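Just so you know, all these numbers are worked out from the coordinates, no wet-lab data involved. Fair warning: this is a prediction, and the values are worked out from it, not measured in the lab. Every residue, glycine as well, gets a Cβ built from its backbone with ideal geometry; the counts of neighbours run over all protein chains shown.
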Amino acid sequence: MSAVVSGTAQGAAAADQAEAQPVRQTGRWTSSWSRLAPWIVPVLLIAVWQFASQVGWLSSRILPEPWAVAKAAWGLAVSGELWTHVQVSLGRAVMAFAVGGGLGLLLGLLTGTFRTAETLLDTTLQMIRNIPALALIPLVILWFGIEETSKIFLVAVGVFFPVYLNTFHGIRSVDKGLIEMAKSYGLSGWSLYRDVILPGALPSILVGVRFSLGLVWVLLIVAETISAQSGIGYMTMNAREFLQTDVVLVGILLYALLGKLADVLSRLLERYWLRWHPGYRH
C-alpha cells in the first residue's frame, strides 16, 4: 500500500513540474519581451534614418546619417570634450533639481497641510507659475549676471512647480476615512502625518519628481544658452556656428539619453518607495 501511495505522490510531483516548466518559460519570454519592446521603435527610426540618408532622401548637410553622428560622438568622447560637457551639465541639473525640487516639496507639504499657508502662499505661487521661463532670462541676467547662479536659478524655478503642485495635491487627496480610522487607533500629530498622510501622498509626490527630472533637461537647454562656456548646450550652440550638424545631433541625442536615464531613476525610486503599494508591484 505504501508503495502505491509513494508512486502516486511521485507521479503528482512529476506532473506539477511538467506544468510549471511551460509557466517558467512563458515568464522568461514575457520578461525578455518587456525589456526589448521599448527599444523597437527607436531602432526602427534609426534604420529608416540610415536608409533615407543612403538613398539620398536626406541631405548630409541637413541631417547627417547615424553613422556620421556616431563617429562625431566617438571623436568627442576620445578627446575628452564630451565628458567635460556632460559633467558640467549634469552638475547643473543636479544642483537645480535639489534646490527647486527640495523647495517645491517643502512648500507643497506646508500649503497642503495648513490652510493658512495655502491662503498666504498659493495665489502668489500660481501667478509666478504662469510666467514663461524664457521671459525670466533678462531679469535673471540682471540679477545674477551670466555666471552659474543664473543657469541654476532658471532651471530651479521650472522644476519647482511640478513637485510643489503634486505634493500639494497628494496631501489634499489622502483618504479622509483612512485618517479617521488611524485616529481611532490612537495615531495623532507627527505619527499620523508620518504613517498615514505622507505614505498616502507619496504616489502623487513621486509623479511630480518624475516630471521634474525630465523637465530639468528641457530647461537646461535654454539655461545653457546664457553665455555658457561649457555644457552640452554650449557644445551644441558652438557646433551650430560652425555648421557641424553631426555635433548638434550628438548634443540633442545626449539630452534625450540623459532625460531617459532620469526617467529610469524616477521609476526605480517609485518601485522602492512604493513597494508596499499594490499598483506598483511587479
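Worth a mention:
- For the chain, built as a Gaussian network whose Cα springs stay under 10 Å, the top-fluctuating residue of R194, R210, R267: R194
- Relative exposure of T84, T236, judged by other C-beta atoms within 10 Å (fewest first): T84, T236
- Cα gyration tensor category, rounded, prolate or oblate, for segment 207-282 with a/c compared to 1.5: prolate
- Protection proxy ranking, peptides 148-157, 240-249, 129-138, 86-95, average beta carbon neighbours within 10 Å, highest first: 148-157, 86-95, 240-249, 129-138
- Our helix-only sum for the chain, with -39,500 (n - 2.57) per DSSP H run of n ≥ 4 divided by its residues, gives a mean residue ellipticity at 222 nm of -27000 deg cm²/dmol.
- The chain: C-alpha gyration tensor shape, a/c 1.5 cut-off, then a/b vs b/c: oblate
- Neighbour counts of other Cβ atoms within 10 Å put H277, H85, H169 in the fewest-to-most order H277, H169, H85.
- Kyte-Doolittle at least 0.0, axis length at least 30 Å by Cα - qualifying DSSP helices, the chain: 81-113, 148-172, 198-223, 245-273
- Farthest positive-ward along the chain dipole, Cα basis, beta-carbon charges - from L134, I152, S204: S204
- Three-way shape call for segment 195-249 based on the alpha-carbon gyration tensor, with the a/c threshold at 1.5: prolate
- Approximating the spin labels as points 7 Å out from Cα along Cα→Cβ, the L178-to-L274 distance works out to 1.2 nm.
- Placing unit charges on each Cβ (+1 for Lys and Arg, -1 for Asp and Glu) gives segment 66-280 a dipole about its Cα centre, and among Y185, T84, T113 the Cα reaching farthest toward its positive end belongs to Y185.
- Proximal lysines to K151, defined as alpha-carbon separation beneath 27 angstrom and excluding residues fewer than eight positions away on the same chain: K260
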